Every structure is written in structure tokens, then in C-alpha cells.
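The values are calculated or read from the model by the stated rules, or taken from the named source; none is laboratory data. If you're wondering where the values come from, they're calculated on a predicted model, not measured in any experiment. All Cβ positions, even for glycine, are placed from backbone atoms using ideal geometry, and neighbour counts span all protein chains on display.
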Amino acid sequence: MTGHSNSASGVWRLILWGGLALLLLTPALAMQFTSEMDWSPSDFIIMGALLGMLGLGIEAVMRLLRDWPARLAACSVAVITFLAIWAEMAVGVLGTPFAGS
């Protein structure tokens, strides 16, 4: 039974981290085809850090919580928090000091 659990754990972790890596690579790919996408190396570093924190948060939720409704709620909070920080840094939705232009 433990082997099955580890196998399932490995699959969702691969999907999680692979998906986050693909999200980070999307702007790099878009920059090859259009000049409208113009990210600097610092943009990639910041987004990589944000995506890394999101991934670690989801990993922590999946390891610490056993109840699926609680996992879903905690992962939803993590994703919504990520989206709020990303939107704030991109365009300044909330008007904080680290808002984008």
C-alpha cells in the first residue's frame, strides 16, 4: 500500500512542478515571437520565486492536511494569494508600495 501512495505522490508532484515550470517558460517562449512581451532577467527571478513559493505552499498543504476538503480550501487560498500578489506586482490592483506601473 505504501508503494502505491508514493507513486501517486510522485505523479502529482511531477504535475505540480512541471506545470509551474511551464508557466515560467511561457513568457520566454512568447518573447521569441513578439516584441510586446518584454521580461527582464529580474522579472523571471521574481516570478520564479513566486511560483516556487506557491509550489512549496501546495506541497506543505498536501503533506500536512489529510482531509480533501481542507486540502482544497488551503490550496485555493494559496492560489488566490499568488494571483493577488502577481496582479499587484503587474499592474497595481490594490495600490500597495510594490505595485507595478
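Taking residues in the stretch 72-101 that are under 16 Å from Leu51 (Cα atoms), and partners anywhere that are polar (S, T, N, Q) and exposed (fewer than 12 other Cβ atoms within 10 Å of the Cβ), the pairs with Cβ atoms closer than 8 Å and at least 6 places apart or on different chains are Glu88/Thr96. Within the stretch 1-50, restricting attention to residues that are among the aromatic types (Phe, Trp, Tyr) and under 21 Å from Glu88 (Cα atoms), the residue that is modelled with the highest pLDDT is Phe44. Please work out which residue is surrounded by the most Cβ atoms within 10 Å (Cβ to Cβ), limiting yourself to the stretch 58-80 and to residues that are touching a helix residue (DSSP H, G or I) at 6+ places or on another chain (Cβ under 8 Å) and under 22 Å from Met47 (Cα atoms). Step by step, filter the stretch 58-80, then rank; the result is Ile58.
For the stretch 16-41, a residue qualifies if it is surrounded by fewer than 13 Cβ atoms within 10 Å (Cβ to Cβ) and not aliphatic (A, V, I, L, M), and the qualifying residues are Gly18, Gly19, Thr26, Gln32, Phe33, Thr34, Ser35, Glu36, Asp38, Ser40, Pro41.
Counting residues in the stretch 34-54 that are touching a Ser or Thr at 6+ places or on another chain (Cβ under 7 Å) and assigned to a helix (DSSP H, G or I) gives zero. For the stretch 55-75, the set of residues classified as over 19 Å from Gly18 (Cα atoms) and part of a helix (DSSP H, G or I) consists of Leu64, Trp68, Pro69, Ala70, Arg71, Leu72, Ala73, Ala74, listed by residue number.
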